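Comments concern the structure below.
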Amino acid sequence: MTISFDIKEKVGIIEIKGRLDAYSSPELRNLFDQVADKAVNFVFDLKECDFIDSTGLGTIVACLKSASQGGGDIHIANLQEKPRMVFDITRAHRIFHIFDDLETAILSFNQDIGE
């Protein structure tokens, strides 16, 4: 797995490539902890993430909990077929806003502010 961080329109973007599993999940958590003070809201871009196991999903949920405690949220963008099945089976799609592309996910935070 490789992960990267960027900021676009005051939203933290964490791009995850490869497998998010029990082996690689601590790397995501460490990165999130390092950048949590750089933005309130985040988008996890999973365009190139082809696999998520239960530990990986648990890590995403833990990041959501941290973001929520800071008054923020995490949206998911570009969820691929196999990871989407994990979100559907576990009903995690009910706690995350999931978008088909990164730009829509970023803009959704601006719409939240306007409401």
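Values quoted throughout were computed directly from the atomic coordinates according to the rules given, and no laboratory measurement underlies them. Quantities reported herein were computed from a predicted structural model and do not represent experimental measurements. Cβ coordinates were reconstructed from backbone atoms using ideal geometry, including for glycine residues, and neighbour counts include every protein chain displayed.
Summary table
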read-out: Derived scalar couplings ³J(HN,Hα) [the stretch 51-59; Karplus, 6.51 cos²θ - 1.76 cosθ + 1.60; whole Hz; x for Gly, Pro]; value: 7, 9, 9, 5, 5, x, 5, x, 5
read-out: Degrees, to the nearest 10: 102-114 long Cα axis against longest axis of the chain; value: 40
read-out: Sites V40 and D88 - FRET efficiency at Förster radius 30 Å, r taken between beta-carbons, to 0.05; value: 0.60
read-out: At 0.890 mPa s and 25 °C, Stokes diffusion of the stretch 1-69 via Kirkwood alpha-carbon radius, µm² per second; value: 207
read-out: Label zone at A62 (point 7 Å along Cα-to-Cβ), backbone N below 14 Å, the stretch 1-34; value: 21-34
read-out: Estimated [θ] at 222 nm from DSSP helical runs (n ≥ 4, -39500 (n - 2.57)) normalised by residues in the chain, nearest 500; value: -13500 deg cm²/dmol
read-out: Relative contact order (percent, whole number), the chain, Cα cutoff 8 Å, 6+ residue spacing; value: 25
read-out: Identified option (computed semi-axes √(5λ) of the Cα gyration tensor in Å; candidates (i) 20, 16, 13; (ii) 28, 15, 13; (iii) 24, 15, 13); value: (i)
read-out: Under-5 Å amide H pairs with C49, H placed in peptide plane, nonlocal only; value: G18
read-out: Charge tally in the Cβ shell below 10 Å around A77, where Lys, Arg are +1 and Asp, Glu are -1, A77 excluded; value: -4
read-out: The stretch 3-17 - phi-based ³J(HN,Hα) in whole Hz, Karplus 6.51/-1.76/1.60, Gly and Pro as x; value: 10, 9, 10, 8, 10, 10, 6, 6, 10, x, 10, 10, 9, 10, 10
read-out: Phi to ³J(HN,Hα) by Karplus 6.51 cos²θ - 1.76 cosθ + 1.60 over the stretch 31-45, Hz, x for Gly, Pro; value: 5, 4, 4, 6, 9, 4, 8, 8, 7, 9, 9, 9, 10, 9, 8
read-out: Pairwise FRET efficiency - E27 versus I95, Cβ, R0 = 22 Å, nearest 0.05; value: 0.45
read-out: Per-pair calculated FRET efficiency, R0 = 30 Å: L107 and S4 via Cβ, rounded to 0.05; value: 0.90
read-out: Student exercise, the chain dipole from Lys, Arg, Asp, Glu Cβ charges, in Debye to nearest 20; value: 300
read-out: Cα centre as origin, Lys/Arg/Asp/Glu Cβ charges: the stretch 1-53 dipole, Debye; value: 140
read-out: Amide proton proximity set for V40, modelled H, under 5 Å, gap of 5+; value: G12
